[in-house]
Amino acid sequence: MSAKPKLYYFDGRGKMESIRWLLAAAGVEFEEEFLETRDQYEKLLQGGSLLFQQVPMVEMDGMRMVQTRAILSYIAAKYNLYGKDLKERALIDMYVGGTDDLMGFILMFPFLSAEDKEKQRALIVEKATSRYFPVYEKVLKDHGQDFLVGNNFSWADVHLLEAILMVEEKKSDVLSGFPQLQAFKARISSIPAIKKFLEPGSQRKPVPDDKYVETVRRVLRMYYDIKAN
Amino acid sequence: MSGKPRLTYLNGRGRMEPIRWLLAAAGVEFEEVYLETKEQYDKLIKDGFLLFQQVPLVEIDGMKMVQTRAIMSYIAGKYNLYGKDLKERALIDMYVEGISDLMQMILMFPFSPPDAKEKNIESIKERATNRYFPVFEKVLKQHGQDFLVGNKFSWADVQLIEAILAVEEKVPDVLSGFPQLQVFKSKMSNMPTIKKFLQPGSPRKPPPDAHYVETVLKIFKK
């Protein structure tokens, strides 16, 4: 196992993207192995690398970690992006839970039918603007600090920026009612490690396309229809 | 706010049940407020109690905590059920997340249409016996210890015993191929705090019935 974390997933966002963001924000270089064929996946399964037969899987620090949330929590704690005590960690966990739910609506988006995509786009925007963004707007307004928790850069900030950019891809002016979030977006985007991740050539993955959907379906033999929420 | 944590949810299992299990296992007494009407729920939202307009809500240590995982991580951390270091925490998180995926199937079950119920039970049985239970059977067999992680009682053990019992309610003989899990089930059930929680009169909630489903649909309808 190399010294760098190694990520096993498809060549696309999916559930691995938040992990790429967090490693990048922590300034940690990582390698990637992309699943392209069913054979590769079955080899991983037979080799016993996938605890619950699923990806994402990240090899790091002698472990083969699975379960996105477990991986993210480990990275956050290891690189001091998890607050200074139990209460700050609780706040970060709550905020990340919210952005995770929001991004969950987007995760299934590429797999929906064209008709369902339109409905889902409207749902994403509605949830973002009425349930999630107002919360973070208020948090930032109330304490007037640069970061969500404890006046310190944390996992919560990385996750929120990721969510904002993803929703903007669905509706570009979605932040128009949220001045605090606009300032937050500019601020966090200009942090050197994040700025680098946002530049072309980084390991950030593009918006999922039909080829990505086809690869996932082929590798996982997931040919059933995905329904919208 | 009294010293005890206060839980706000419906009078039933749902997403609050793992939290009840964990508090009980930690020996922590708690109060409960039951949502019975849409008006109660709307009032909670209006009064700013629910960060993302959702329950579970747990008022604990001056915080109004939402998001099931956040709540459980906090409780586990506070009551020393989260391992001794980062790596043990990572293992506990992996196990808990896996079990949580299995429990999600059980959570959704009462809301599936009657003609899908038998198929769903088959799916639960298949996942439990092919994906999840073999993992924990192997973990216990390999280290030969009583508990899943670090030779010490943790959140992972509580989550697993809850899941075993929940699956058994749907598939009574589900542990027949898993001797380690049978022993584990017996050991965990006999731990004093868990034993107490498994007795009648405890805060443990019964399996969801039609009335529970009806209440959920009534309160959360848009």
The long-range amide H neighbours of B:Met65, using H built 1.01 Å from N in the peptide plane and a cut-off of under 5 Å, are B:Val58, B:Glu59, B:Ile60
For chain B, built as a Gaussian network whose Cα springs stay under 10 Å, the top-fluctuating residue of B:Ile121, B:Ile161, B:Ile71 = B:Ile121
Rounded accessible area per residue of segment A:84-190, 1.4 Å, Å² = 40
What is the mean number of Cβ atoms from other protein chains located within 10 Å of the Cβ atom of each residue in peptide B:69-78, rounded to a whole number?
-> 5
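To the nearest 20 debye, what is the magnitude of the charge dipole of segment A:84-190 about its Cα centre, counting +1 on the Cβ of each Lys and Arg and -1 on the Cβ of each Asp and Glu?
Working: 14 positive and 17 negative charges, 31 e Å.
Dipole magnitude for segment A:84-190 comes out near 140 debye.
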At most 14 other Cβ atoms within 10 Å and a DSSP loop assignment: could you name the trypsin sites (Lys or Arg not before Pro) in segment B:1-109 that fit?
-> B:Lys84
Can you send over the carbon and sulfur percentage of the accessible area for chain A, probe radius 1.4 Å, protein chains only?
-> 50
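Interface B/A, total buried accessible area with a 1.4 Å probe, nearest 100 Å²? Could you put the intermediate results ahead of the total?
Working: alone 11920 and 11740 Å², together 20820 Å².
Approximately 2800 Å², summed over both chains.
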Given Cβ charges of +1 for Lys and Arg and -1 for Asp and Glu, the option among B:Asn151, B:Phe197, B:Ile124 whose Cα lies farthest towards the positive end of the dipole of chain B is B:Asn151
Note to self: C-alpha centroids of segment A:1-80 and segment B:1-78 sit apart, in Å, by 32
According to the square roots a ≥ b ≥ c of the eigenvalues of the Cα gyration tensor, what is the shape class of the protein assembly as shown, taking rounded for a/c under 1.5, prolate for a/b larger than b/c otherwise, and oblate for the remainder?
-> rounded
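Per residue of A:70-81, what is the mean number of Cβ atoms on other protein chains within 10 angstrom of that residue's Cβ? Intermediate results must be reported in sequence, preceding the final value.
Working: counts 10, 4, 1, 8, 7, 1, 0, 4, 3, 0, 0, 0.
Mean number of neighbouring Cβ atoms from other chains: 3.
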Let me know the shape class of chain B, please: from the alpha-carbon gyration tensor, a ≥ b ≥ c as square roots of the eigenvalues, rounded when a/c is under 1.5, otherwise prolate if a/b is greater than b/c, or oblate.
-> oblate
Nearest-10 value in Å² for the accessible area of B:Asp209, using the 1.4 Å probe = 90
Gyration tensor on Cα atoms of chain A, a ≥ b ≥ c root eigenvalues, a/c under 1.5 rounded, else prolate if a/b beats b/c, else oblate, says oblate
Please find, in a Gaussian network model of chain A (springs between Cα atoms separated by less than 10 Å), the residue of A:Ala163, A:Ala122, A:Ala76 whose mean-square fluctuation is greatest.
-> A:Ala122
Please sort by residue number the chymotrypsin sites (Phe, Trp or Tyr not before Pro) in segment A:155-229 whose DSSP state is loop and whose Cβ has at most 16 other Cβ atoms within 10 Å.
-> A:Tyr223, A:Tyr224
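Would you mind giving the mean number of other chain beta-carbons within 10 Å of the Cβ of each residue in A:126-137, as a whole number?
Details: counts 0, 1, 0, 0, 1, 4, 3, 0, 1, 3, 0, 0.
Average neighbour count from other chains, rounded to a whole number: 1.
Rolling a 1.4 angstrom probe over the protein heavy atoms, how many square angstrom per residue are accessible across chain B? Kindly include the intermediate steps, with their values, before the conclusion.
Details: 10510 Å² over 222 residues.
With the other protein chains kept in place, chain B gives 47 Å² per residue.
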Given the options A:Lys84, A:Lys15, A:Lys205, state which has the largest fluctuation in a GNM of chain A using a 10 Å cut-off (strictly under) for Cα springs.
-> A:Lys84
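The values are calculated or read from the model by the stated rules, or taken from the named source; none is laboratory data. Model, not experiment: these values are computed from the prediction. As a convention, Cβ positions derive from the backbone with ideal geometry for all residues, glycine included, and neighbour counts pool all protein chains shown. For accessibility, only protein heavy atoms count, side chains too; no ligands or nucleic acids. Shrake-Rupley method; radii C 1.70, N 1.55, O 1.52, S 1.80 Å.
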